[in-house]
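Notes follow the structure.
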Amino acid sequence: WSDTQFTTFELADLHSDIAYELVGLPFGRYFSPVLCECSGSGRQIAFLKSGGDLLTGDILATAGVGLYIGDITLPHKDSKAPHSIEIRNIRFIPSDINTEDRVNLRFLEKNKKLLVQQSSTAFIIDLGSGADEFGKYTHIPLAAGKTSSELVVAPVASKQGYTAESVAFVDFFHVYFAPGVALNDGDEVWSRPGNATNGLARVSLDGGHDVTFTRDGKKIFWFL
């Protein structure tokens, strides 16, 4: 981060203890970068652009808020010296993401789909099918929360598409778990007694935040 240049991304190699600066971003505020798990050195990177914040204001670099995807080439595994990596072919992806909310991104099926998890909603953007005639990409809703401040899902693919196998969310500072089978179309997970989601279980003792599932959806982690 720079007070004059705003955001810079870095890619860290944990095996060699080398950090590579990613260059090629236009001037702006960017956050939530994530790389696809594709094979080979060619990868896609997804990230979000914000129109402003309390720290930097909302005067400069406010246009083009939303989701972006670009291409990078990973450094060779034997690379011993830090150098810059260019983000190429940066393009805007129209989406329903609220950039003023918390956002957690994750690629699925290598780079064909993008899982988006926010305070009260989780959905998948189908990148592999391409945009329609209006430039929009298909959004696949997975879960929604009524009063949640965080919501994450363990997505599972089937012949009918993706669904939420499990849902975890933070409501009134506690972490809750709900099975995906308890959710009907349009249902919102809720912890209110008497109106709580079927099968709901409070799993935190002293509250929690930044909840997440393991990749296989079998365990939940959170910070106290």
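The values are calculated or read from the model by the stated rules, or taken from the named source; none is laboratory data. These numbers come from a predicted model, not from an experiment. Note that each Cβ is placed from the backbone with ideal geometry, even for glycine, and that neighbours are counted across all protein chains shown. These accessible areas exclude ligands, DNA and RNA; they are computed on the full protein's heavy atoms, side chains included. Shrake-Rupley method; radii C 1.70, N 1.55, O 1.52, S 1.80 Å.
Descriptive notes on the structure:
- Top-ranked residue of the range 185-211 - restricted to ones that are among the aliphatic types (A, V, I, L, M) and open to solvent by less than 50 Å² (accessible area, probe 1.4 Å), ranked as nearest to residue 150 (Cα to Cα): 211
- The range 84-176 holds strands (runs of 3 or more DSSP E) entirely within its bounds, and those carrying 1 or more residues that are under 23 Å from residue 8 (Cα atoms) and either among the polar types (S, T, N, Q) or open to solvent by less than 30 Å² (accessible area, probe 1.4 Å) (or both) map to 88-93, 104-108, 113-117.
- In the range 38-66, the residues that are on the phi < 0 side of the Ramachandran plot, assigned to a loop (DSSP other than H, G, I, E, B) and open to solvent by less than 30 Å² (accessible area, probe 1.4 Å): 38, 51
- For the range 177-200, filtered to residues that are β-branched (Val, Ile, Thr) and not in a loop (DSSP other than H, G, I, E, B), the residue that is nearest to residue 217 (Cα to Cα) is 181.
- For residue 166, the criteria (1) more than 13 Å from the chain's Cα centre (by Cα); (2) within 30 Å of residue 19 (Cα to Cα) hold in every case but one, which is (2).
- Residues of the range 104-159 classified as touching a Phe, Trp or Tyr at 6+ places or on another chain (Cβ under 7 Å) and among the acidic types (Asp, Glu), total: 2
- Qualifying residue in the range 14-29 (condition: closer than 29 Å to residue 123 by Cα, acidic (Asp, Glu) and surrounded by fewer than 12 Cβ atoms within 10 Å (Cβ to Cβ)): no
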